[in-house]
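Please treat every number below as a calculation from the coordinates, not as lab data. Quick caveat, the model's predicted, so the values are computed rather than measured. Glycine gets a Cβ as well: all are built from the backbone with ideal geometry, and neighbour counts include every protein chain shown.
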Amino acid sequence: MKALSTLLLSAALSTPLLAAEVQVNDPYARAVAPGQPNSAAFMQLENLGGQMLSLTGATSEVAQAVELHTHIQDQGVMRMRRINTIELPPHQRVSLQPGGLHIMLIGLTRTLSEGDEMALTLTFSDGSEQTFNMPVRPVMPMGAQKHGNNMGNNMGNMGQGQQQN
Ligand SMILES: [Cu+2]
């Protein structure tokens, strides 16, 4: 829970106005090898309020574009697909995790190495924003520790299907 308290503190410092009633838990970004163009961020989003909300976008200085993505099964193959929103039902926790919903960091402007930190800003359907820092750490593809074949590496092949993640 140390990460959470650090997160809440940094969120409080960076957003003086009361943000959406969404609590961000355990955010982290995928470490990628130098030169890799893309990465992804994961976290749990908990809508503490009684109103339906959704995540409508995200930005970060570490990437030229930030998109909301999910994975779908397409004829037995996992593929990433861009989505416009991630719904956050009241009093529920939504997990963004490898192999599922995630925040795609496209066109990295710097290397994301294990131990780094990066900032991310989330925009919600009520117009509010939250900016917070997250650690960069290794994220293994589901079920395997294969090198050099993770989601970030495969973004350029998005139309061709994903074997990992
Ligand atoms: Cu993606």
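Assess whether Ile72 counts as being surrounded by 13 or more Cβ atoms within 10 Å (Cβ to Cβ) and either within 16 Å of the chain's Cα centre (by Cα) or within 16 Å of the ligand (Cβ to nearest atom) (or both). Answer is no for this residue.
Do we find that Gly127 is over 16 Å from Asp26 (Cβ atoms), out of contact with any Asp or Glu (no Cβ under 7 Å at 6 or more places or on another chain), loosely packed, with under 14 Cβ neighbours inside 10 Å and in contact (Cβ under 8 Å) with a residue 40 or more places away in the chain in this structure? Break it down into steps so the answer makes sense when it comes.
On the way: over 16 Å from Asp26 (Cβ atoms): yes; out of contact with any Asp or Glu (no Cβ under 7 Å at 6 or more places or on another chain): yes; loosely packed, with under 14 Cβ neighbours inside 10 Å: yes; in contact (Cβ under 8 Å) with a residue 40 or more places away in the chain: no.
Criteria not met by Gly127.
How many of the residues in segment 28-66 are within 16 Å of the ligand (Cβ to nearest atom), closer than 16 Å to Arg137 by Cβ and outside any loop (DSSP other than H, G, I, E, B)? Of the residues in segment 28-66, 8 are within 16 Å of the ligand (Cβ to nearest atom), closer than 16 Å to Arg137 by Cβ and outside any loop (DSSP other than H, G, I, E, B). Scan segment 84-114 for residues that are farther than 12 Å from Phe42 by Cα, more than 10 Å from the ligand (Cβ to nearest atom) and of a type in the set (A, V, I, L, M, F, W, C) and the total you get is 4.
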